[in-house]
1. Count the DSSP beta bridges whose two residues both fall in the chain, then state the antiparallel fraction as a percent rounded to the nearest 5.
2. Considering Cα pairs under 8 angstrom that are at least six residues apart, work out the relative contact order of the chain and quote it in whole percent.
3. Using a simple charge model, +1 on the beta-carbon of Lys and Arg, -1 on the beta-carbon of Asp and Glu, nothing else, what dipole does region 3-131 show about its Cα centre, in debye to the nearest 20?
4. How do I97, I36 rank when sorted from fewest to most other Cβ atoms within 10 Å of their own Cβ?
5. Along the Cα→Cβ direction, 7 angstrom out, place labels at E126 and R77. What is the inter-label distance in nm?
6. How far is it, in nm, from the label point at D24 to the one at R11 when both lie 7 Å from their Cα along the line to the Cβ?
7. Which of the three applies to region 3-131, rounded, prolate or oblate, going by the alpha-carbon gyration tensor with a ≥ b ≥ c and a/c under 1.5 meaning rounded?
8. Which order do M41, M118 fall in if you start with the one that has the fewest other Cβ atoms within 10 Å?
Amino acid sequence: MTSMQLVEAARRLVGTPFRLHGRDPRTGVDCLGLVIAALDMIGARTVTPRGYGLRQTSITNLLPFARDNGFQPVVGRAELGDLILFALPAAQHHIAITLVGKRIIHAHAGLRRVVEGMPGSDWRIERIWRHSLQSKE
């Protein structure tokens with residue numbers, strides 16, 4: 001798997017409806033569902049997370065999601081195809097796939113669909129992960 005393959009798969013999901021805990025692009029995905037669906041599209045083995053809600057103060061149960069799906073922590077700047085875990089206002093956490101610059105692809109609950117755009121100005125980066133099989137491009 002390369003970062004470009006993951007990004008291209010995620011881009012094909014832009015416009016997919018948002019659905020909390022959604023895992024099927026035909027019926028809707030949430031932010032974790034977007035990552036799972038994009039990984040599935042490129043033939044990666046995936047592990048679906050459980051036990052999270054729209055609002056939560058702890059990310060403890062989200063941390064194994066990245067590791068279980070072949071991503072490793074990164075120190076420094078996000079690169080193309082990395083996963084970023086953002087802390088949003090109102091005790092929300094959100095995972096997105098990075099693009100060039102500060103652009104991301106993510107399942108936007110407010111817009112009710114997967115979109116490509118910029119993170120909110122009040123979004124704080126909590127974690128960055130890179131797939132362990134990605135090659136440098």
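1. Beta bridges within the chain, antiparallel portion: roughly 95 percent.
2. It rounds to 29 percent for the chain.
3. Details: 17 positive and 10 negative charges, 29 e Å.
Rounded to the nearest 20 debye, it is 140 debye.
4. Least crowded to most crowded, the residues run I36, I97.
5. Taking the simple label geometry, E126 and R77 are separated by 2.5 nm.
6. 2.8 nm
7. rounded
8. Numbers: M41 16, M118 11.
By the 10 Å Cβ count, ascending, the order reads M118, M41.
Any read-out appearing in this document is the output of simple, stated calculations on the displayed coordinates, not a laboratory observation. What you see is a predicted model; the values in this text were computed from it and never measured. Note: ideal-geometry Cβ built from the backbone for every residue, glycine included; neighbour counts use all protein chains shown.
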